[in-house]
Every structure is written in C-alpha cells, then in structure tokens.
2 protein chains.
Amino acid sequence: MKFSAQEEYGIRFLISLGKAYYSGKGKTIPEISKSEGISQHNVAKLLRVLRLGGFLESERGHTGGYTLSRPPEEINIGDVMRTLGGKLFDEEFCKHHSGNNSFCAHSIDCSTRGLWMLIQNAVDNVINNLTLRDLLGPEKQLVKKKTNPAKSIAL
Amino acid sequence: MKFSAQEEYGIRFLISLGKAYYSGKGKTIPEISKSEGISQHNVAKLLRVLRLGGFLESERGHTGGYTLSRPPEEINIGDVMRTLGGKLFDEEFCKHHSGNNSFCAHSIDCSTRGLWMLIQNAVDNVINNLTLRDLLGPEKQLVKKKTNPAKSIAL
DNA sequence: GTCAATCTTGACAAAAATGTCAAGATTAAA
DNA sequence: TTTAATCTTGACATTTTTGTCAAGATTGAC
C-alpha cells in the first residue's frame, strides 16, 4: 500500500500553484522543475494529468504557464487523489481475483474485499473533507485541524 | 494509492489458513494454489514472506504444509499489512523529495507530508484495531462491526 | 515577421514490481 | 531404503510504473 510517484508529485505541484494563486498568478514548468528538483519533461507530463483532470489551466507562449482553474478552497483533495492514482479499491478487483472456484468467493462474500472497503472508507473520510486550501497553511495546522475529525468530518 | 499484489494475496492466504486453523490444522501450497487460482510457485513465494514475518509456520515432508503460528485473534492486521507492503509513509520520504531548495521544504514544514500522515493515521486506526479473526466471519459482519469506530477504536 | 519562450504530444528507455522456473532439501510412508 | 510428497531458495522472465527524449505548436515581445 503505497502512494504512487504521480500522486506525490501531483499534490506537491498543486500546493506550489495554490500558493502562487493568491500572491500572483501561476508558474511555469521550468520554475516548478527547479523548485521541486524534477526534470522539466517529467513536470510537464504530470501537470498534463492535472490539467486533463480539470484542476489546472495552461497557456502557451512567451508569458504562458500553469494556473489553478479555480480557487484552492474549491479543489477537493479526494478528487485530486482519484485523478492522480485511481481508486484504492475497484469493482474490477473481484473479476481479477476470483480464483479457480466456480463459486467466486468474492461475489457473494469476501472478507478481503470487506477489509479493502474499510480502509478505503477511512481514507475517503479524510481526503473528501479536505480542500487544497487546507494544504496551503503550516503542517501543524493541518494535522491539528483534522486529527480530531468529530467536528468537520461527517459519517 | 494502491494495494500491492503481495498485500492482496497475503491477506487472502491468511484468511484461508485462518479458517483451517479452527477446523483442522493447515494447508499445503498445492491446496492454496488450487483454491485461489495462483501458481504454486507464486504461492510459495508469498507464503514465505508471511512465514518470515512470523505469522506462519511450515513443515516439510509428506505430511507437511503451512499453519498459523498462533490463533487468528492474536494476529494483528496492521502488523500483517506492514510486513506485506511496508509503511504507507516513511521517514525516508523527505530524503528522496527534498527538491533543489537548500531549505528543504519538508524538513521544517511540509503539507504533503501532513496529508500523507493524516491518511496513514486513518488507515492505521482501522488496521491496528483488527485481527485476523475479524476477517474470518461474513463480510457484512466486518463492515458492521467497524464502520462505527467509536466503540472499538481508540484515538 | 522573427525570435525566444512557453506548453503539447507520442515514442522510447530505465527501473521496479510481479510472476515463473529449476534445482535442491526435508519428511513420512511403504 | 526407496519413493513420493512436501517446502526452500536463488535466478530469471514478464509486466507495469516511472522517467526521458525529440519534434512540434502556440504566444508575446521586438
């Protein structure tokens, strides 16, 4: 159970562009490449995913660059994570892992699936209730805000 | 953010051996291979990981096979998941992703790290409070038991 | 219009995860 | 003791993920 590289970089790029959103406008691929220490080509590839996901807009030409497509508080981290890394648990799961039993242990009742869904629900409760804005402040503030979920996270 | 194949198979094998633990004793590699639809060699490779993790014991020879090393209720799912797939978030993270900034954005304050830790805490609250025994009943029972975590999951 | 800077796209290379194979070691039954 | 069944290990092949590259398209400044 790991975060993919695309997820890690994608979140970092959004944070970088989220900070730029308030103070100025956007950033260019070379700028992000330099500040994050990733090759320009790789930055371009990953920003493309976020653009196709609707989180970013790009402009070409001499004064071009990338900007958020809407304010940070309107960008849901759950949506972002699903765009970058897909869903943790997928319905296809049961098709790939039915084993040789003709009575697929999974279609009727499957504890592995139950565990996966429990984990996914826990993760979704966190990421669906965060926006990019929550990631722009200091780390301690984020942890403080969300560690006691009773106030903000609906079940 | 995906489960690794090793995690998926590892959990399934433990469930299979957990059911065998009460009724009889253990299972052989060919038996698990057949019921789960995975090659014997691959089963052998994955069971080895669980054995080295201390969850299983093996015996060779004509009447050999694999058995749980202790009762299902003493096998913590969090321990199992960490053995199979490592930790979701690792301290090494900040070493690999410091970027070119000499003042590593991560060592002092890093919202990406904060998000990762929030997610990991949510996952840990689920898996650290489950034992293999919880996975041996019907799926509905598992979801029911743990969906309202107030009673059983300590913060 | 020319130039330099930007983003865009598809193809390719490298690395990591996953799965397979072959040879061997151990044990119990016949 | 022989045999057949089991587990054990390391090497290798395949697949997926990740990262790189080259050629092109667009835009603003001069």
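The values are calculated or read from the model by the stated rules, or taken from the named source; none is laboratory data. What you see is a predicted model, and the numbers here were worked out from it, not measured in a lab. Virtual Cβ from ideal backbone geometry, glycine too; neighbours counted across all protein chains shown.
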**OP:** Looking only at segment A:127-142, count how many residues are more than 9 Å from every other protein chain (Cβ to nearest Cβ) and surrounded by 18 or more Cβ atoms within 10 Å (Cβ to Cβ).
**Re:** 2
**OP:** Would you be able to say whether some residue in segment B:58-76 is within 14 Å of chain A (Cβ to nearest Cβ), within 11 Å of DNA strand C (Cβ to nearest atom) and of a type outside the set (Gly, Ala, Ser)?
**Re:** no
Original post:
When you go through B:ALA44, B:ALA5 one by one, which is the residue that is more than 10 Å from every other protein chain (Cβ to nearest Cβ), out of contact with any Lys or Arg (no Cβ under 7 Å at 6 or more places or on another chain) and within 11 Å of DNA strand C (Cβ to nearest atom)?
Top reply: B:ALA44
Subject >> Complete set of residues in segment B:73-117 that are surrounded by 15 or more Cβ atoms within 10 Å (Cβ to Cβ), assigned to a helix (DSSP H, G or I) and modelled with pLDDT of 95 or more >> reply: B:ILE77, B:GLY78, B:ASP79, B:VAL80, B:MET81, B:ARG82, B:THR83, B:LEU84
Subject >> Some residue of segment A:13-20 being touching a Pro at 6+ places or on another chain (Cβ under 7 Å), touching a residue at least 60 places away in the same chain (Cβ under 8 Å) and within 10 Å of chain B (Cβ to nearest Cβ) >> reply: yes
Subject >> Residue in segment B:29-46 that is buried (at least 19 other Cβ atoms within 10 Å of the Cβ), touching a strand residue (DSSP E or B) at 6+ places or on another chain (Cβ under 7 Å) and either in contact (Cβ under 8 Å) with a residue 40 or more places away in the chain or under 16 Å from B:ARG70 (Cα atoms) (or both) present >> reply: no
